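> Below you'll find the structure I mean.
The values are calculated or read from the model by the stated rules, or taken from the named source; none is laboratory data. These numbers were taken from a predicted model, which means no experiment stands behind them. Ideal geometry is used to build each Cβ from the backbone, glycine not excepted, and the neighbour counts take in all protein chains shown.
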Amino acid sequence: LDREIPSLRKLALHQQRALKLLGTSERHTMVVLNTHSEMLRKTVAAVNELSSFISVDYAHTQLLTTCLSDYSRDVSASMDALRMGRIPPYLVSLDMVRAALSRSTKGSVIALQTHLAFSLGSAIPLRVDPDARELAFIINLLVVSPGDIYRLKDVVNVGSWVDGAHVKLRTPPVVAFHDDTPDLRLVPDLCMCSLTQGLHFLCPGIPFLRDKATSLCGIGEMAKDSECPVVVTPRSHVLQTTAVIVGQRWLVNTPALEADVCYDRHDMSTRVEHG
(Lines give C-alpha, C1' and ligand atoms only; values in the text may rest on other atoms or scores of the structure.)
Protein backbone atom coordinates (compact mmCIF):
# COMPACT_ATOMS: atom_id res chain seq x y z
CA LEU A 1 0.00 0.00 0.00
CA ASP A 2 2.89 2.35 0.82
CA ARG A 3 4.27 1.75 -2.70
CA GLU A 4 0.91 2.58 -4.32
CA ILE A 5 0.28 5.84 -2.40
CA PRO A 6 2.69 7.97 -4.52
CA SER A 7 1.13 6.77 -7.76
CA LEU A 8 -2.35 7.47 -6.40
CA ARG A 9 -1.29 11.00 -5.43
CA LYS A 10 0.11 11.60 -8.95
CA LEU A 11 -3.14 10.32 -10.47
CA ALA A 12 -5.19 12.61 -8.20
CA LEU A 13 -3.03 15.62 -9.16
CA HIS A 14 -3.37 14.78 -12.83
CA GLN A 15 -7.15 14.55 -12.52
CA GLN A 16 -7.18 17.82 -10.60
CA ARG A 17 -5.34 19.60 -13.42
CA ALA A 18 -7.63 18.00 -16.01
CA LEU A 19 -10.74 19.30 -14.20
CA LYS A 20 -9.34 22.79 -13.78
CA LEU A 21 -11.53 24.19 -16.58
CA LEU A 22 -14.69 22.76 -15.02
CA GLY A 23 -14.10 23.41 -11.34
CA THR A 24 -11.94 24.90 -8.61
CA SER A 25 -10.01 23.32 -5.80
CA GLU A 26 -10.59 24.55 -2.29
CA ARG A 27 -8.76 22.89 0.64
CA HIS A 28 -8.18 19.73 -1.36
CA THR A 29 -11.93 19.45 -1.97
CA MET A 30 -13.03 19.43 -5.59
CA VAL A 31 -16.11 21.61 -6.32
CA VAL A 32 -17.38 20.73 -9.79
CA LEU A 33 -19.54 23.23 -11.69
CA ASN A 34 -22.89 22.30 -13.19
CA THR A 35 -21.72 21.29 -16.65
CA HIS A 36 -25.27 21.30 -18.05
CA SER A 37 -25.79 24.97 -17.05
CA GLU A 38 -22.43 25.94 -18.52
CA MET A 39 -23.22 24.22 -21.80
CA LEU A 40 -26.67 25.81 -21.89
CA ARG A 41 -25.19 29.27 -21.32
CA LYS A 42 -22.66 28.81 -24.12
CA THR A 43 -25.39 27.47 -26.42
CA VAL A 44 -27.61 30.50 -25.76
CA ALA A 45 -24.67 32.85 -26.38
CA ALA A 46 -23.89 31.08 -29.66
CA VAL A 47 -27.53 31.26 -30.74
CA ASN A 48 -27.67 35.00 -29.94
CA GLU A 49 -24.52 35.62 -31.94
CA LEU A 50 -25.90 33.59 -34.83
CA SER A 51 -29.18 35.55 -34.66
CA SER A 52 -27.29 38.86 -34.89
CA PHE A 53 -25.41 37.57 -37.94
CA ILE A 54 -28.70 36.51 -39.54
CA SER A 55 -30.23 39.97 -38.88
CA VAL A 56 -27.28 41.73 -40.49
CA ASP A 57 -27.34 39.32 -43.41
CA TYR A 58 -31.10 39.87 -43.86
CA ALA A 59 -30.63 43.66 -43.90
CA HIS A 60 -27.90 43.34 -46.54
CA THR A 61 -30.10 40.98 -48.54
CA GLN A 62 -33.01 43.44 -48.41
CA LEU A 63 -30.75 46.29 -49.53
CA LEU A 64 -29.38 44.20 -52.39
CA THR A 65 -32.92 43.19 -53.41
CA THR A 66 -34.05 46.83 -53.42
CA CYS A 67 -31.05 47.90 -55.51
CA LEU A 68 -31.65 45.10 -58.00
CA SER A 69 -35.34 46.02 -58.23
CA ASP A 70 -34.46 49.67 -58.91
CA TYR A 71 -31.88 48.58 -61.47
CA SER A 72 -34.38 46.34 -63.27
CA ARG A 73 -37.04 49.08 -63.23
CA ASP A 74 -34.62 51.72 -64.55
CA VAL A 75 -33.37 49.46 -67.33
CA SER A 76 -36.91 48.50 -68.34
CA ALA A 77 -38.05 52.14 -68.35
CA SER A 78 -35.01 53.13 -70.41
CA MET A 79 -35.74 50.45 -73.00
CA ASP A 80 -39.35 51.61 -73.22
CA ALA A 81 -38.18 55.21 -73.66
CA LEU A 82 -35.78 54.18 -76.42
CA ARG A 83 -38.55 52.31 -78.25
CA MET A 84 -40.69 55.46 -78.07
CA GLY A 85 -37.86 57.59 -79.48
CA ARG A 86 -37.02 59.31 -76.19
CA ILE A 87 -33.65 59.57 -74.50
CA PRO A 88 -33.15 56.55 -72.17
CA PRO A 89 -32.37 57.96 -68.71
CA TYR A 90 -30.37 54.93 -67.53
CA LEU A 91 -28.02 54.98 -70.52
CA VAL A 92 -27.68 58.76 -70.92
CA SER A 93 -26.94 60.92 -67.87
CA LEU A 94 -27.44 64.64 -67.40
CA ASP A 95 -23.66 65.08 -67.29
CA MET A 96 -23.40 63.64 -70.80
CA VAL A 97 -26.10 66.03 -72.04
CA ARG A 98 -24.41 68.97 -70.34
CA ALA A 99 -21.07 68.05 -71.91
CA ALA A 100 -22.66 67.79 -75.37
CA LEU A 101 -24.33 71.20 -74.98
CA SER A 102 -21.07 72.76 -73.79
CA ARG A 103 -19.30 71.59 -76.95
CA SER A 104 -22.01 72.87 -79.27
CA THR A 105 -22.94 76.21 -77.67
CA LYS A 106 -21.13 79.30 -76.53
CA GLY A 107 -21.07 80.35 -72.92
CA SER A 108 -21.98 78.38 -69.82
CA VAL A 109 -24.85 75.90 -69.81
CA ILE A 110 -27.44 76.39 -67.04
CA ALA A 111 -29.23 73.52 -65.30
CA LEU A 112 -32.64 74.39 -66.77
CA GLN A 113 -31.16 74.35 -70.27
CA THR A 114 -29.75 70.86 -69.62
CA HIS A 115 -33.03 69.49 -68.28
CA LEU A 116 -34.97 70.88 -71.24
CA ALA A 117 -32.54 69.34 -73.72
CA PHE A 118 -32.81 66.00 -71.90
CA SER A 119 -36.63 65.94 -71.69
CA LEU A 120 -37.28 67.38 -75.15
CA GLY A 121 -34.54 65.46 -76.98
CA SER A 122 -34.97 62.24 -78.93
CA ALA A 123 -33.02 59.03 -79.47
CA ILE A 124 -32.77 56.93 -82.64
CA PRO A 125 -31.64 53.27 -82.31
CA LEU A 126 -28.94 52.28 -84.81
CA ARG A 127 -27.97 48.70 -83.93
CA VAL A 128 -28.94 46.09 -81.35
CA ASP A 129 -26.84 42.94 -80.76
CA PRO A 130 -28.35 40.82 -77.94
CA ASP A 131 -25.60 38.17 -78.13
CA ALA A 132 -22.83 40.72 -77.64
CA ARG A 133 -25.03 42.83 -75.34
CA GLU A 134 -24.35 45.90 -77.43
CA LEU A 135 -26.73 48.76 -78.17
CA ALA A 136 -26.01 51.75 -80.38
CA PHE A 137 -28.20 54.82 -80.78
CA ILE A 138 -27.87 58.49 -81.64
CA ILE A 139 -29.43 61.29 -79.60
CA ASN A 140 -30.84 64.54 -80.91
CA LEU A 141 -30.69 67.40 -78.41
CA LEU A 142 -32.78 70.54 -78.60
CA VAL A 143 -30.58 73.55 -77.88
CA VAL A 144 -32.61 76.30 -76.22
CA SER A 145 -30.96 79.59 -75.40
CA PRO A 146 -31.35 80.63 -71.73
CA GLY A 147 -32.81 83.93 -72.91
CA ASP A 148 -35.67 82.09 -74.64
CA ILE A 149 -36.77 80.06 -71.61
CA TYR A 150 -39.83 81.46 -69.84
CA ARG A 151 -41.85 80.10 -66.95
CA LEU A 152 -45.64 80.13 -66.79
CA LYS A 153 -47.93 81.06 -63.93
CA ASP A 154 -51.67 80.53 -63.73
CA VAL A 155 -53.84 83.59 -63.20
CA VAL A 156 -56.55 83.02 -60.58
CA ASN A 157 -59.48 85.42 -60.86
CA VAL A 158 -62.76 84.95 -58.97
CA GLY A 159 -63.93 88.54 -59.34
CA SER A 160 -65.24 90.88 -56.64
CA TRP A 161 -68.53 92.32 -55.41
CA VAL A 162 -69.35 96.01 -55.82
CA ASP A 163 -72.72 97.43 -54.70
CA GLY A 164 -74.50 94.08 -54.87
CA ALA A 165 -73.14 93.14 -58.30
CA HIS A 166 -70.43 90.67 -59.19
CA VAL A 167 -67.67 92.35 -61.20
CA LYS A 168 -65.09 90.21 -62.97
CA LEU A 169 -62.25 91.70 -64.96
CA ARG A 170 -61.33 89.61 -67.98
CA THR A 171 -57.76 88.48 -67.35
CA PRO A 172 -55.45 86.16 -69.32
CA PRO A 173 -55.35 82.52 -68.16
CA VAL A 174 -51.56 82.47 -67.76
CA VAL A 175 -48.64 84.87 -67.72
CA ALA A 176 -44.99 84.26 -68.58
CA PHE A 177 -41.89 85.62 -66.88
CA HIS A 178 -38.14 85.21 -67.17
CA ASP A 179 -35.84 84.30 -64.29
CA ASP A 180 -33.68 87.36 -64.98
CA THR A 181 -36.71 89.71 -64.86
CA PRO A 182 -39.28 88.03 -62.58
CA ASP A 183 -41.30 91.25 -62.14
CA LEU A 184 -41.94 91.62 -65.88
CA ARG A 185 -45.15 89.84 -66.86
CA LEU A 186 -45.91 88.86 -70.45
CA VAL A 187 -49.02 87.24 -71.88
CA PRO A 188 -48.20 84.32 -74.20
CA ASP A 189 -50.34 83.25 -77.12
CA LEU A 190 -50.31 79.50 -76.48
CA CYS A 191 -52.44 78.85 -79.56
CA MET A 192 -49.33 79.22 -81.71
CA CYS A 193 -47.33 76.85 -79.48
CA SER A 194 -47.20 73.06 -79.36
CA LEU A 195 -47.30 71.06 -76.14
CA THR A 196 -44.38 68.63 -75.86
CA GLN A 197 -44.08 65.77 -73.37
CA GLY A 198 -47.19 67.14 -71.70
CA LEU A 199 -45.06 69.68 -69.81
CA HIS A 200 -43.41 72.22 -72.11
CA PHE A 201 -44.70 74.58 -74.79
CA LEU A 202 -42.52 75.00 -77.87
CA CYS A 203 -43.28 78.33 -79.50
CA PRO A 204 -41.85 79.73 -82.75
CA GLY A 205 -40.62 83.30 -82.79
CA ILE A 206 -41.97 85.62 -80.10
CA PRO A 207 -45.32 84.21 -78.93
CA PHE A 208 -46.34 87.15 -76.75
CA LEU A 209 -49.37 89.38 -77.27
CA ARG A 210 -48.31 92.88 -78.27
CA ASP A 211 -51.55 94.67 -77.41
CA LYS A 212 -50.61 95.84 -73.92
CA ALA A 213 -53.78 97.91 -73.66
CA THR A 214 -55.92 94.79 -73.18
CA SER A 215 -53.58 91.83 -72.71
CA LEU A 216 -52.29 92.84 -69.27
CA CYS A 217 -55.66 93.59 -67.69
CA GLY A 218 -55.50 92.81 -63.99
CA ILE A 219 -51.86 91.71 -64.15
CA GLY A 220 -49.85 94.86 -63.58
CA GLU A 221 -50.12 98.62 -63.61
CA MET A 222 -52.57 99.78 -66.24
CA ALA A 223 -51.80 102.50 -68.74
CA LYS A 224 -54.06 105.55 -68.98
CA ASP A 225 -55.43 104.44 -72.35
CA SER A 226 -56.07 100.86 -71.21
CA GLU A 227 -59.47 99.36 -71.92
CA CYS A 228 -60.20 96.19 -70.02
CA PRO A 229 -63.38 94.20 -70.64
CA VAL A 230 -65.46 93.69 -67.51
CA VAL A 231 -68.37 91.32 -66.90
CA VAL A 232 -70.96 92.67 -64.43
CA THR A 233 -73.59 90.26 -63.09
CA PRO A 234 -76.44 91.28 -60.74
CA ARG A 235 -76.67 89.37 -57.51
CA SER A 236 -79.99 87.83 -58.49
CA HIS A 237 -78.36 86.23 -61.54
CA VAL A 238 -75.45 84.68 -59.67
CA LEU A 239 -76.44 81.03 -59.28
CA GLN A 240 -73.03 79.52 -58.59
CA THR A 241 -70.14 80.58 -56.37
CA THR A 242 -66.53 79.85 -57.26
CA ALA A 243 -63.95 78.97 -54.60
CA VAL A 244 -60.26 78.51 -55.38
CA ILE A 245 -57.53 77.42 -52.96
CA VAL A 246 -54.16 79.07 -53.61
CA GLY A 247 -51.53 77.88 -51.16
CA GLN A 248 -52.93 78.59 -47.69
CA ARG A 249 -55.54 81.10 -48.85
CA TRP A 250 -59.12 80.76 -50.06
CA LEU A 251 -60.45 82.90 -52.91
CA VAL A 252 -64.26 82.98 -52.84
CA ASN A 253 -66.54 85.25 -54.90
CA THR A 254 -69.39 85.76 -52.46
CA PRO A 255 -70.84 88.97 -50.98
CA ALA A 256 -71.19 87.30 -47.57
CA LEU A 257 -68.61 88.00 -44.89
CA GLU A 258 -68.53 84.34 -43.90
CA ALA A 259 -69.68 81.08 -45.43
CA ASP A 260 -69.60 77.31 -44.96
CA VAL A 261 -67.91 75.39 -47.76
CA CYS A 262 -69.11 71.79 -48.00
CA TYR A 263 -67.40 68.87 -49.72
CA ASP A 264 -69.98 66.54 -51.20
CA ARG A 265 -67.52 63.71 -51.82
CA HIS A 266 -65.83 63.73 -48.40
CA ASP A 267 -68.77 64.60 -46.09
CA MET A 268 -66.98 67.51 -44.40
CA SER A 269 -67.23 71.28 -44.30
CA THR A 270 -64.91 74.26 -43.79
CA ARG A 271 -65.86 77.69 -42.54
CA VAL A 272 -64.28 80.65 -44.34
CA GLU A 273 -64.45 84.27 -43.26
CA HIS A 274 -63.74 87.56 -44.96
CA GLY A 275 -60.23 88.67 -44.17
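> Quick test of your reading of the structure: residue 18 fulfils all but one of (1) small (Gly, Ala, Ser); (2) at pLDDT 70 or above; (3) over 30 Å from residue 117 (Cβ atoms). Name the failing condition by number.
Failed condition: (2).
> Something else now. Does residue 109 satisfy the condition of being within 30 Å of residue 208 (Cβ to Cβ) and in contact with a Lys or Arg (Cβ under 9 Å, 6 or more places away or on another chain)?
Yes: the conditions hold for residue 109.
> A follow-up question, please. Take residues that are β-branched (Val, Ile, Thr) and surrounded by 14 or more Cβ atoms within 10 Å (Cβ to Cβ) and tell me which of the strands (runs of 3 or more DSSP E) falling wholly in the stretch 113-232 contain 1 or more.
Here the list reads 134-140, 165-169, 174-177.
Residue-by-condition table, conditions (1) surrounded by 10 or more Cβ atoms within 10 Å (Cβ to Cβ); (2) assigned to a helix (DSSP H, G or I); (3) modelled with pLDDT under 75:
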{"site": "2", "(1), (2), (3)": "no, no, yes"}
{"site": "8", "(1), (2), (3)": "yes, yes, yes"}
{"site": "38", "(1), (2), (3)": "yes, yes, yes"}
{"site": "45", "(1), (2), (3)": "yes, yes, yes"}
{"site": "59", "(1), (2), (3)": "yes, yes, yes"}
{"site": "67", "(1), (2), (3)": "yes, yes, no"}
{"site": "74", "(1), (2), (3)": "yes, yes, no"}
{"site": "80", "(1), (2), (3)": "yes, yes, no"}
{"site": "92", "(1), (2), (3)": "yes, no, no"}
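> Sticking with this one: Restricting the search to the stretch 123-150, which residues are more than 28 Å from the chain's Cα centre (by Cα) and touching a residue at least 40 places away in the same chain (Cβ under 8 Å)? Working first, answer last.
Step one: filter the stretch 123-150 for residues more than 28 Å from the chain's Cα centre (by Cα), giving 124-138.
Those that are more than 28 Å from the chain's Cα centre (by Cα) and touching a residue at least 40 places away in the same chain (Cβ under 8 Å): 125, 135, 137.
> Another question, then. Every residue in the stretch 113-152 that is charged (D, E, K, R) and farther than 30 Å from residue 185 by Cβ, please. Outline the logic, then answer.
Within the stretch 113-152, the subset charged (D, E, K, R) is 127, 129, 131, 133-134, 148, 151.
Selection gives 127, 129, 131, 133, 134.
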